[in-house]
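The values are calculated or read from the model by the stated rules, or taken from the named source; none is laboratory data. These numbers come from a predicted model, not from an experiment. Methodologically, a virtual Cβ is constructed for each residue, glycine included, from the backbone with ideal geometry; neighbour enumeration extends over all protein chains shown. Quick note on the areas: whole protein, heavy atoms, side chains included, nothing else; ligands and nucleic acids left out. Shrake-Rupley method; radii C 1.70, N 1.55, O 1.52, S 1.80 Å.
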Amino acid sequence: MPTKRDLILAGVLAAAAGAARAQAPAPEKIRLWPRGVPGGERPAGLRQESVFTEMPGGRSDRGIVGVTDPVLEIWRPAGPAKGAMLIVPGGGYRQVMIDREGIEPAQRLAADGFVAGVLTYRLPAEDWKMGLGVARQDTQRAMRLMRAAVGPRVKLGAMGFSTGGEMVGRLGNDFSRPTYGAVDTADDASARPDYMVLVYAALGVQPRNPDGTRPPPSPTFPPIPLAVNAQTPPAFIVQAMDDERLSFENATEMAVALKARGVPVETLLFEEGGHGFALRRPPEMPVSRWLDLFLAWGRRKGLVG
């Protein structure tokens with residue numbers, strides 16, 4: 001049990017961290033499509049706004065809905081960049097969980113020497129004519145804009161949470177498939193991430209039936225592990241085995257598929273953590289240390305400076 005001294009110290013550290021965030025420079029904001037979004041007309045009546053959900057412990061989650069003008073917000077480190085990361089928040093394609101799965105990881109990575117970009121993307125559930133295609137357009141374009149922002153010498157990864165993990169996973173397999181016409185010179189670059197970080201990612205792997213069988217895969221959106229190939233980037237995979245929304249086999253089957261094709265993969269399965277933990281689990285839970293373990297893996301693989 002924490003002592004009174006421990007609680008006081010934790011409070012001081014939290015206050016210092018909050019002050020540091022308050023003094024941090026504002027992120028650079030880049031519109032993905034300055035001449036208008038591709039993928040057909042925007043649905044009628046959309047208006048971008050924030051929605052808030054109260055969470056245990058007195059914290060709230062902020063999601064963004066009604067996205068019509070996708071943006072990339074970039075946080076930069078105080079010193080030379082040790083790495084770069086595109087962060088794709090989740091939200092079930094119905095909202096973009098911008099704080100818990102976007103800004104908070106970006107600020108932490110910037111403190112660790114990363115250029116971190118958070119993508120606010122169009123939501124297929126809001127009746128875009130191309131459906132999931134608009135999210136794929138936004139993800140490809142964001143990767144190329146990140147490359148333009150960091151230059152060719154810095155390794156650029158893509159980190160996705162939940163449905164954002166699906167977007168990153170599909171990008172890692174079909175990065176070369178054109179989804180839109182070139183906008184500017186940034187589109188000369190590859191959309192392939194140098195590596196992927198898949199955090200409780202929705203990879204399309206359905207839970208098994210009681211008899212051990214599994215429902216047939218969707219012909220339109222098959223499970224991502226089925227598309228893994230030798231060009232798929234290395235991956236760092238994180239999931240909790242008590243995830244109440246996604247079977248942990250999303251993580252294990254992706255790891256098996258990558259291993260079978262000779263793609264480096266590190267997989268962390270935690271007993272506890274549930275879904276949506278991001279960076280918000282208490283320090284006594286092992287799942288709270290997944291980002292530190294990613295950094296160690298990235299340094300060992302030469303992906304992080």
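Of note:
- Residue list for region 117-133, filter: under 15 Å from Glu49 (Cβ atoms) and among the hydroxyl-bearing types (Ser, Thr, Tyr): Thr120
- Any pair with Cβ under 7 angstrom, 6 or more apart, that starts in region 127-156 at a residue that is part of a loop (DSSP other than H, G, I, E, B) and ends at one that is of a type in the set (D, E, K, R) and buried (at least 16 other Cβ atoms within 10 Å of the Cβ): Trp128/Arg122; Lys155/Asp194
- The single condition from (1) open to solvent by less than 20 Å² (accessible area, probe 1.4 Å); (2) in contact with a strand residue (DSSP E or B) (Cβ under 8 Å, 6 or more places away or on another chain) that Phe248 fails is (1).
- Qualifying residue in region 257-272 (condition: farther than 23 Å from Met85 by Cα and open to solvent by less than 40 Å² (accessible area, probe 1.4 Å)): yes
- Identity of the residue in region 110-126, in a loop (DSSP other than H, G, I, E, B) and of a type outside the set (A, V, I, L, M), that ends up surrounded by the fewest Cβ atoms within 10 Å (Cβ to Cβ): Asp112
- Residue match in region 193-201 (condition: at positive phi, crowded, with 21+ Cβ neighbours inside 10 Å and modelled with pLDDT of 95 or more): yes
Okay, residues lined up against (1) modelled with pLDDT under 95; (2) out of contact with any helix residue (DSSP H, G or I) (no Cβ under 6 Å at 6 or more places or on another chain); (3) under 25 Å from Asp99 (Cα atoms):
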residue: Val154; (1), (2), (3): no, yes, no
residue: Ala158; (1), (2), (3): no, no, yes
residue: Phe161; (1), (2), (3): no, no, yes
residue: Met167; (1), (2), (3): no, no, yes
residue: Asn173; (1), (2), (3): no, no, no
residue: Arg177; (1), (2), (3): yes, yes, no
residue: Ala182; (1), (2), (3): no, yes, no
residue: Asp187; (1), (2), (3): no, no, no
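- For region 56-79, a tally of residues being assigned to a loop (DSSP other than H, G, I, E, B), more than 18 Å from Arg122 (Cα to Cα) and free of Cβ contacts under 8 Å to residues at least 40 places away in the same chain returns 3.
- Residues being within 16 Å of Thr163 (Cβ to Cβ) and touching a residue at least 40 places away in the same chain (Cβ under 8 Å) - total across region 215-236: 2
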